[in-house]
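What follows draws every value from the coordinates through simple rules; no lab data is involved. It should be emphasised that the depicted structure is a prediction, and the values quoted were computed from it without experimental measurement. We place every Cβ from the backbone using ideal geometry, glycine too, and count neighbours over all the protein chains shown.
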Ligand SMILES: *Cc1c(COP(=O)(O)O)cnc(C)c1O
């Protein structure tokens with residue numbers, strides 16, 4: 001696409017918030033959604049007793065927009081994010097945002113901020129953050145009647161600037177991010193507050209993040225704070241935990257499809273016991289931000305499991321998955337599964 005870009009060194013930015021031209025807000029009032037308004041204001045008025053701030057009626061999403069090799073502007077599987085926001089909304093008794101509104105917001109907010117779309121080759125992308133919050137002023141605990149759906153964008157840099165770095169994970173037994181039948185499987189804002197303790201613990205002990213166990217048996221792997229966990233067994237099988245408290249990652253779903261249908265690997269989604277860690281050849285954490293980051297070491301109680309190359313570099317299977325998915329996102333590889341949604345820039 002030949003349009004002017006903002007004066008930003010896209011290849012060297014991190015995962016941070018940049019002020020852009022505009023965000024878009026839709027209000028649900030008197031039983032219906034309005035048509036949405038683009039605003040350059042980075043703040044919004046909120047009633048002091050809004051349910052989102054007192055009682056946690058808040059859910060968000062995260063997806064990325066890329067410029068492809070042939071100059072198209074594409075979002076990766078945005079309808080999946082729309083669907084997931086709907087399931088988050090339903091579980092927290094919030095008003096679901098119809099997919100048409102979600103897609104309208106995406107098209108309008110990306111167009112309004114086109115100069116912030118990192119150019120192809122910078123390995124960066126435009127991160128899109130949808131947010132749904134309860135806005136009704138009330139002190140009684142009940143669902144809000146009024147909602148705001150906001151979508152903001154910000155350019156984010158390449159996650160692995162200095163090549164693939166391996167992560168060290170710490171298995172924790174006395175911390176949970178979500179309860180078995182709680183809100184773990186939806187993108188509730190509060191899950192991230194619950195996850196801060198784990199991240200802090202990991203950081204203090206020199207680990208990248210924690211790996212949670214299922215909160216009932218403390219025996220099966222769950223996920224990391226903000227990312228799903230994936231393992232490659234010594235026989236080459238792609239395994240990822242099945243659990244009620246895991247957030248269904250769109251990245252993980254896509255990697256499973258690639259592994260199974262494109263690579264012909266065996267793929268299993270099932271409870272994975274900590275006793276199986278010795279049978280892992282490689283592992284990774286996956287999510288929109290990093291796609292898949294290789295895990296080099298996993299510490300469980302007094303045992304440290306070192307994976308491929310003694311934990312020093314990414315294994316070949318994780319690398320192959322990363323290359324395939326990012327290749328599709330940047331239009332370098334065939335989009336066989338129809339995952340790219342083109343945003344027409346006017
Ligand atoms: C958002 C999120 C993920 C990653 O999901 P993607 O759709 O792949 O970005 C994983 N785990 C948790 C807890 C999350 O909130």
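Remind me, relative contact order of the chain in percent, using alpha carbon pairs under 8 angstrom and six or more residues apart?
After rounding, I find 19 percent.
Computed from the mean reciprocal separation of all distinct C-alpha pairs, what Kirkwood hydrodynamic radius does the range 10-156 have, in Å?
For the range 10-156, inverting the mean 1/r across all distinct Cα pairs yields 15.9 Å.
Using a basic spin-label model with each label point 7 Å from the Cα along Cα→Cβ, how many nm lie between residue 70 and residue 244?
If labels sit at residue 70 and residue 244, their model points lie 4.7 nm apart.
Using r as the Cβ-Cβ distance of residue 54 and residue 16, and R0 as 30 Å, what FRET efficiency do you calculate, to the nearest 0.05?
For residue 54 and residue 16, the calculated efficiency is 0.55.
Expected output is a single nm value to one decimal: the length gained when fully extending between residue 34 and residue 335, i.e. 0.36 nm times separation in residues minus the C-alpha distance. What is it?
Stretched fully, the residue 34-residue 335 segment lengthens by 104.9 nm.
Find how much the distance from residue 123 to residue 104 grows on full extension, using 0.36 nm per residue of separation minus their present alpha carbon separation; answer in nm with one decimal.
Fully extending the segment from residue 123 to residue 104 adds 4.2 nm.
So what is the relative contact order for the range 167-329, in percent, with contacts set as C-alpha pairs under 8 Å and at least six apart?
Relative contact order, the range 167-329: 22 percent.
What is the spin-label model distance, in nm, from residue 301 to residue 2 if the labels are put 7 Å beyond Cα along the C-beta direction?
According to this spin-label approximation, the distance is 6.6 nm.
Per the Kirkwood formula on distinct C-alpha pairs, the Rh of the range 76-128 is how many angstrom?
12.5 Å
Under a point spin-label approximation (7 Å from Cα along Cα-to-Cβ), what is the residue 257-residue 346 distance to one decimal in nm?
Those two pseudo-labels are separated by 2.9 nm.
Pull out the extension gain between residue 312 and residue 237, defined as 0.36 nm times the separation in residues minus the alpha carbon to alpha carbon distance; nm, one decimal.
Extra length available between residue 312 and residue 237 comes to 24.9 nm.
Against the 2.2 N^0.38 Å scaling, with N counting residues, where does the range 147-248 land? I'd like the Cα-based Rg ratio to two decimal places.
The reported ratio for this selection is 1.20.
Just to be sure I follow: if Rg is taken over the C-alpha atoms of the range 279-346 and Rh is the Kirkwood radius over the same atoms, what is Rg/Rh?
1.15
Please report, in whole Å, how far the alpha carbons of the range 209-265 spread along each principal axis, starting with the longest.
Extents along the principal axes: 35, 24, 21 Å.
Compute the orientation-averaged projected area for the chain from the convex hull of its Cα atoms and round it to one decimal in nm².
Projected over every direction and averaged, the Cα hull of the chain covers 17.5 nm².
For the range 206-303, what value does the Rg/Rh ratio take when both radii are computed over Cα atoms and Rh is the Kirkwood radius, given to two decimals?
Rg/Rh: 0.93.
Give me P(r) over the range 71-181, computed from all C-alpha to C-alpha distances, binned every 5 Å, as integer percentages.
2, 9, 15, 15, 14, 15, 14, 10, 5, 2, 0
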